[in-house]
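Scroll down for the structure; my scribbles are underneath it.
The values are calculated or read from the model by the stated rules, or taken from the named source; none is laboratory data. No experiment lies behind these values; they were computed from the predicted model shown. Don't worry about glycine lacking a Cβ; one is built from the backbone with ideal geometry, like all the others, and counts go over all protein chains shown. Accessible surface areas use protein heavy atoms only, side chains included; no ligands, DNA or RNA. Shrake-Rupley method; radii C 1.70, N 1.55, O 1.52, S 1.80 Å.
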Amino acid sequence: MSSTANDLLMYSDQLMNDLWNDVAPGYFNFGRISPDADTDKIPDLKQANEDMADWIVAKLGINKDSHILDLACGTGGYTVRIAQLTGCRFIAVDITESYIEEECKKRAEEYGVSDQGEFLVGSMMDLSEEIKNKKYTHILCLGAMLYAHDQMDKFLQNVHSCCDEETKVFIWDLARNVPWEELSEFNEHLKMEFPLLTKENVLDQFKSAQFELTDCEDTTPYVVPGLVVIDKECRKREPELKILDFYKAERAFRAGTVLYLIYCLKAMKTAD
């Protein structure tokens, strides 16, 4: 890579990181906002993501006796918020060491939940025996499974190995609703090297991996307002929208060509 291309990549990464740090500190997601909300009155996505964490806690019944595993936890916003709300124990994993060491652990200390769990560097595709040997009441993967759409069997095998028959698995993920070739503009924003799966593809993968689907919800209407909020901020920072091109994602979600789905799963017992 030339020095010019490398400089541009570093600038793009910094611009994107600064955006998320300001608009949704601790999160890389759009949260949950009522479709009827007046987005002109919403300055950022901090509350939207806190509301999503609150919603997850209520939906899954997470409490002080729970032990959660958060896969691809990013900078730890959801893990810390859920631990703070409930007093639960946790293990959270992300492949990016700087997120774990410079963001997650500091956030846990700031919000007083360090003693409730651990943040570990690792891949959701290759979980350590240390992680697998523990048992969890809940496993979360929030907005990250799409990066395993080309290796779903491997990802789901890792998840299954952390489950017992009572574990609740909660996945928040993208799915395409049209042929991948029709999503070229959307992928200019997402920059995937392989196609997103359809909902039907994902459900087939769950079944093959011995998971029972207990609930599925389309949360796209609650995500679109967050895209509107972040797009307004993008236009202030980079009017040309060459890098901060969230409007491309907003178009796809509004058109229904891409969905933001929640899957609730329960691991079925496998034959010995």
* Asked: Somewhere in segment 250-272, is a residue open to solvent by 70 Å² or more (accessible area, probe 1.4 Å), at pLDDT 95 or above and part of a loop (DSSP other than H, G, I, E, B)?
  -> no
* Before we move on, is residue 51 within 15 Å of the chain's Cα centre (by Cα), in a helix (DSSP H, G or I), without any contact (Cβ under 8 Å) to a residue 24 or more places away in the chain and on the phi < 0 side of the Ramachandran plot? -> yes
* **strands (runs of 3 or more DSSP E) contained entirely in segment 94-190, each with at least 3 residues that are in contact (Cβ under 8 Å) with a residue 60 or more places away in the chain** => 138-142, 168-176
* Is it fair to say residue 170 is out of contact with any Ser or Thr (no Cβ under 7 Å at 6 or more places or on another chain) and of a type outside the set (A, V, I, L, M)? -> yes
* To do: Check residue 35 against each of (1) surrounded by 11 or more Cβ atoms within 10 Å (Cβ to Cβ); (2) in contact (Cβ under 8 Å) with a residue 40 or more places away in the chain and name the one condition it does not meet.
  => (1)
* **Residue tally, condition of a type in the set (Asp, Glu), surrounded by fewer than 16 Cβ atoms within 10 Å (Cβ to Cβ) and part of a helix (DSSP H, G or I), over segment 195-242** => 2
* Odd one out for residue 163, checked against (1) touching a helix residue (DSSP H, G or I) at 6+ places or on another chain (Cβ under 9 Å); (2) within 19 Å of residue 125 (Cβ to Cβ) -> (1)
* Total residues in segment 75-93, condition aliphatic (A, V, I, L, M), in a helix (DSSP H, G or I) and crowded, with 24+ Cβ neighbours inside 10 Å -> 3
* What are the residues in segment 102-126 that are among the aliphatic types (A, V, I, L, M) and either loosely packed, with under 15 Cβ neighbours inside 10 Å or closer than 27 Å to residue 156 by Cβ (or both), if any? -> 120, 121, 124, 125
* **Pair list, Cβ under 6 Å, 6 or more apart: segment 60-87 residue under 12 Å from residue 119 (Cα atoms), other residue open to solvent by less than 20 Å² (accessible area, probe 1.4 Å) and of a type in the set (S, T, N, Q)** => 70/79; 73/79
